[in-house]
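A.B. asks: Attaching a single structure in structure tokens format; questions to follow.
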Amino acid sequence: MRFSISLAFQPVDELVEIAKAADAAGYDALTIPDHVVEIEELATPYPYTADGSRRWTHDADWPDPWVLVGALAAVTTRVRFFTSVYVAALRSPYQVAKSVGTAAVLSNNRVALGVGAGWCREEFDLLGQDFGSRGRRTDEALELLADLWSPGWTEHAGEHYPTPKLTMEPTPTARIPVYVGGLSEVGMRRAARHDGWIGDLYTVEEAGRHARRLAELRDETGATGEFRMITALTDAFLPEHFAAAEEAGVTDVWTAPWAYYHRLDCPLEQKLEGIERFAEDVLAPLEAR
């Protein structure tokens, strides 16, 4: 099982030190959330809480993911990066391809694109993108991105992004994996066509059910190759808990390691201590099995 550290809502001035600690302690990846702006009044409910309220405060930091990857890749050597999740349909796919592809080149191919269709209608309206077509545009954009990240000329005759013959450089020297977030059947089917699924906060039992459904969808489509089932676990604390999740089909866990020992918003010193301690308490025993 692999472990990723979520950078969600962490102060920007702490991220370099967290990244260096994660790199040294053997974590697989750092996950980076995405929103362009924080709108005060929303009619759209947040879909991942029971009452529709947001999990963060209005002053939480939301750095641009790909600028951040460039900075963190410069101070690390092995840890990977993926977005959890990037709302590609808020942007032009050409700009997405340029930003992600450049980050992949600068990080020596340590980048994956975690993508979601998006939930906040008001943010789409503000950025001038159609909310109703976001799922269809995401599917077409993912096809186009794969072409734009490949060497040579690209043409695309899609409904939303017809593309003349063009090239985009620099070209990544390895394929960029695509992970898809979303609990809906449509989201899971989209994930099954790609390289992984990014979940929310689940118990081990719930995560196992999602893993089985994703496996069924992969079988239906005849998909092959590595597939990552990435989620956070609300009832896993000890190595045996995470081992049970792995048996249930979870391949990757994203978490904030310091929260097992301190507050989620504890000082940086305690975060760094928690990163090392969780690696000793959980990562090392699991690797030794």
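Values quoted throughout were computed directly from the atomic coordinates according to the rules given, and no laboratory measurement underlies them. If you're wondering where the values come from, they're calculated on a predicted model, not measured in any experiment. Neighbour counts run over all protein chains shown; Cβ positions are idealised from the backbone, glycine included.
A.B. asks: How far is helix 93-106 tilted, in degrees, relative to the longest principal axis of the Cα atoms in the chain, given as a value from 0 to 90 rounded to the nearest 10?
C.D. replies: On a 0 to 90 degree scale, this one is about 50.
A.B. asks: Then there's this: Gaussian network model of the chain, Cα springs within a sub-10 Å range: biggest mean-square fluctuation belongs to which of Tyr46, Tyr94, Tyr179?
C.D. replies: Between Tyr46, Tyr94, Tyr179, it is Tyr46 that shows the largest mean-square fluctuation.
A.B. asks: May I ask you to sort Cys120, Cys266 by Cβ crowding, counting other Cβ atoms within 10 Å and putting the fewest first?
C.D. replies: Cys266, Cys120
A.B. asks: Taking only Cα atoms, what is the 0 to 90° angle, nearest 10, from helix 204-221's long axis to the longest principal axis of the chain?
C.D. replies: 30 degrees
A.B. asks: Now for a different question. Under the rule of at least 5 residues apart or a separate chain, name every residue whose amide H is placed under 5 Å from the amide H of Ser6.
C.D. replies: Close amide H contacts, sequence-distant or interchain: Thr31, Thr255, Ala256.
A.B. asks: If the cut-off is a Cα-Cα distance under 20 Å, which lysines reach Lys165, setting aside same-chain residues fewer than 8 apart in sequence?
C.D. replies: By straight Cα distance, Lys165 reaches Lys98.
A.B. asks: Could I ask something else about it? So how tilted is helix 268-278 from the main axis of the chain? Cα-based, degrees 0 to 90, rounded to 10.
C.D. replies: Approximately 80 degrees, to the nearest ten.
A.B. asks: Also: May I ask you to list the lysines whose Cα is less than 17 Å away from that of Lys271, ignoring any residue fewer than eight positions away on the same chain?
C.D. replies: Lys20
A.B. asks: Oh, and also: Taking amide H positions as placed in the peptide plane 1.01 Å from N, state which residues far from Gly114 in sequence (5 or more) or on other chains have amide H under 5 Å from it.
C.D. replies: Result for Gly114 returns Thr83, Tyr86, Tyr179.
A.B. asks: For the chain, what does the helix formula give at 222 nm: sum of -39500 (n - 2.57) over DSSP H segments with n ≥ 4, over the residue count, nearest 500 deg cm²/dmol?
C.D. replies: Mean residue ellipticity at 222 nm (helix-derived): -11000 deg cm²/dmol.
A.B. asks: Cut-off is 10 Å between beta-carbons; in what order do Lys98, Lys165, Lys271 appear when sorted fewest neighbours first? Write down the numbers at each step before the final one.
C.D. replies: Numbers: Lys98 16, Lys165 8, Lys271 24.
Neighbour counts put them in this order, fewest first: Lys165, Lys98, Lys271.
A.B. asks: Just one of (1) 1.03; (2) 0.98; (3) 0.93 is Cα Rg over 2.2 N^0.38 Å as worked out from the coordinates here. Which one is it?
C.D. replies: (2)
A.B. asks: If you average the C-alpha positions of the stretch 241-289 and of the stretch 148-220 separately, how far apart do those two centres end up, in angstrom?
C.D. replies: What the calculation gives is 27 Å, centre to centre.
A.B. asks: Also, quick follow-up: Compare the peptides 105-118, 48-61, 250-263 by average per-residue count of other Cβ atoms within 10 angstrom and give them in order, highest first. Don't skip to the answer; put the middle values down first.
C.D. replies: Numbers: 105-118: 22.1, 48-61: 10.8, 250-263: 19.7.
Final packing ranking: 105-118, 250-263, 48-61.
A.B. asks: Could you line up Ser4, Ser133, Ser184 from fewest to most neighbouring Cβ atoms inside 10 Å?
C.D. replies: Ser184, Ser133, Ser4
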